[in-house]
1. Counting only GluC sites (Glu not before Pro) that sit in a DSSP loop (anything but H, G, I, E, B) with at most 13 other Cβ atoms within 10 Å, what is the longest stretch of the chain containing none of them?
2. How big is region 59-145 in terms of Cα radius of gyration and Dmax, in angstroms?
3. Give me the mean projected area, in nm² to one decimal, of the convex hull enclosing the Cα positions of region 250-312.
4. Just the number, please: percent antiparallel of the DSSP beta bridges in region 201-295, rounded to the nearest 5.
5. Starting from the Cα of residue 246, step 7 Å along the direction of its Cβ; do the same at residue 140; then give the gap between the two resulting points in nm.
6. Report, ordered by chain and residue number, the aspartates and glutamates lying within cross-link reach of residue 77, taken as a straight Cα distance under 13 Å and ignoring same-chain residues fewer than 8 apart.
7. How big is the Rg/Rh ratio for region 101-252, C-alpha atoms only, Rh by Kirkwood, two decimals?
8. Whole number please: convex hull volume per residue, Cα atoms of region 197-320, in Å³.
Amino acid sequence: MSSEGDFIALMRNLAHTTAARGLMDDAAVLDIAALSDGSLVLTSDTLVEGVHFLETDPADSVGWKLAAVNLSDLAAKGARPVGCLMNYALSGDAIWDAEFAKGLSTALTRYDMALLGGDTVAMPTGAPRSMTLTAIGRVAAGASVPSRSGAQAGDVLYVTGPVGDAGAGLKLLAAGQNEPQALVDAYRRPQPRLDAGFALAPHAHAMMDISDGLLIDAQRMAQASGVAIIVNHVPISAPYRALDGDSQSALIEAACAGDDYQLLIAWPADQPLPPDSDLIRIGRVGAGAGLALEIGGRPVALPERLGWQHGDTPSQAPTN
């Protein structure tokens, strides 16, 4: 049995910053003077077993993913991590909790995000595991903080990488398979694009991370910005193509898959891209409203469901 004290001791090993006060207090204390030359960016995400991750997912991958999905939101704002707070529902399984802490520690260390504090709660026996992380980021004074509502007619639409890998990995796991490893890792251990977001934020008209699927998130950007968005290229990886091919149905499935955590960017057409950005051009922004999809240069009807929506479970894939 994993007790609250045991788990807090694990977390205390991650709370290296003085702001955390060794997790011996009821609150963290950030030095505002050290942060006063910029703005704070705050975001929060919750993972629930059976909704956002599988019961069979390794605990360390869940710890990594909890940090990564929040870091991805900071990336979309061009923010650098400052610290985070975590609320954690104790699983009653000391080994699982310890492995979760290892995965969380790996992500926090890699991306230099300090654990500042949080809370623990004991759940009834058999309740699904649940954990929430709130991340704090920082942007320099005067720096642009792009939103999803700034896309303008004439912008070019880019993504930071291929889509569909995480969805393919989930499909493999649901079928009892764990290869190709690259696709499974894309689902279990997403890579937040912090450096790309930091480089792109100064000139991007709009930027957001792709958490629920390329099409549904592009539609959200179009709605927020009051523009029309046309997606005319769905980029897929070599492992995805080897597994599912590149037919129209395979491309639509990739465009509806969630958990990719690439960045979606509306970029001014007359602005050069940052050096070594490796962005993939996937469409354009026009006057009007709504979302349109083209494949092979031809208009394609949008699927009934554009991506993951609240109420779905990890085993539910969008219907093409």
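1. 56-303
2. According to the Cα coordinates of region 59-145, Rg and Dmax are 14.2, 50 Å.
3. Details: hull surface 25.3 nm².
Its Cα hull, projected and averaged over all orientations, spans 6.3 nm².
4. Taking every DSSP beta bridge within region 201-295, about 65 percent pair in antiparallel fashion.
5. Roughly 3.9 nm, to one decimal.
6. Leaving aside aspartates and glutamates fewer than 8 places away in the same chain, those within reach of residue 77 are 195, 209.
7. 1.00
8. About 125 Å³ per residue, rounded to a whole number.
The values are calculated or read from the model by the stated rules, or taken from the named source; none is laboratory data. For clarity, every value in this text was computed on a predicted model and none was experimentally measured. Virtual Cβ from ideal backbone geometry, glycine too; neighbours counted across all protein chains shown. Ligands, DNA and RNA are stripped out before the accessible areas are found, and what is left, the full protein with its side chains, is counted by its heavy atoms. Shrake-Rupley method; radii C 1.70, N 1.55, O 1.52, S 1.80 Å.
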